[in-house]
């Protein structure tokens, strides 16, 4: 096994940590804009979601090997924007209805929890790999 392959597990965990951290940032942005009726494009805020993709590396004769995960794109949720009756709101239409963001707070909290748990799992995998390497070095030093 080449020396460069010894740290593959740590690198894979690192890509997972980075991707899940970005996912948590996007979810936090969704939560922060849950009541924003004006966004940069003029309409109400649309919730965003992160799309991941597996990263494959050449593994020699055995075909592609694992390389982790990466963020491919940030997509806007195209689901219906709810109408809420708020006659005094500055963005209300003639009938007193306001188009609100399509952010559902309970769903965002569940997404945040799963992203947090995935981050934690990647961190624990990286820590386990480090512990194993430290024990191997102790055995080699004898």
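Considering the range 38-83, the residues that are loosely packed, with under 11 Cβ neighbours inside 10 Å and within 24 Å of residue 99 (Cβ to Cβ) include one that is modelled with the lowest pLDDT, namely 41.
Among the residues of the range 28-45, is any closer than 22 Å to residue 14 by Cβ, within 24 Å of the chain's Cα centre (by Cα), touching a residue at least 12 places away in the same chain (Cβ under 8 Å) and in a helix (DSSP H, G or I)? Yes - at least one qualifying residue is present in the range 28-45. Before we move on, is residue 103 surrounded by 14 or more Cβ atoms within 10 Å (Cβ to Cβ), assigned to a strand (DSSP E or B) and in contact (Cβ under 8 Å) with a residue 12 or more places away in the chain? Here the answer is no, as residue 103 does not meet what is asked. Within the range 107-116, none of the residues are surrounded by 15 or more Cβ atoms within 10 Å (Cβ to Cβ) and touching a strand residue (DSSP E or B) at 6+ places or on another chain (Cβ under 7 Å). A Cβ distance below 8 Å, combined with a sequence gap of six or more or placement on separate chains, defines the contacts here; from the range 118-141, residues that are at positive phi and at pLDDT 85 or above reach no residue that is surrounded by fewer than 11 Cβ atoms within 10 Å (Cβ to Cβ) and assigned to a helix (DSSP H, G or I). Of the residues screened, residue 25 is not one that is at pLDDT below 95, out of contact with any helix residue (DSSP H, G or I) (no Cβ under 9 Å at 6 or more places or on another chain), exposed (fewer than 13 other Cβ atoms within 10 Å of the Cβ) and part of a helix (DSSP H, G or I). From the list 75, 98, the one residue that fits, being in contact (Cβ under 8 Å) with a residue 60 or more places away in the chain and either over 30 Å from the mean Cα position of the chain (by Cα) or in a strand (DSSP E or B) (or both), is 98. Residue 95 meets all of the listed conditions (1) loosely packed, with under 14 Cβ neighbours inside 10 Å; (2) under 18 Å from residue 36 (Cβ atoms) but one, namely (2).
The values are calculated or read from the model by the stated rules, or taken from the named source; none is laboratory data. Everything numeric in this text was worked out from a predicted model, so none of it was measured. In this analysis, Cβ positions are derived from the backbone assuming ideal geometry, glycine residues included, and neighbour counts consider all displayed protein chains.
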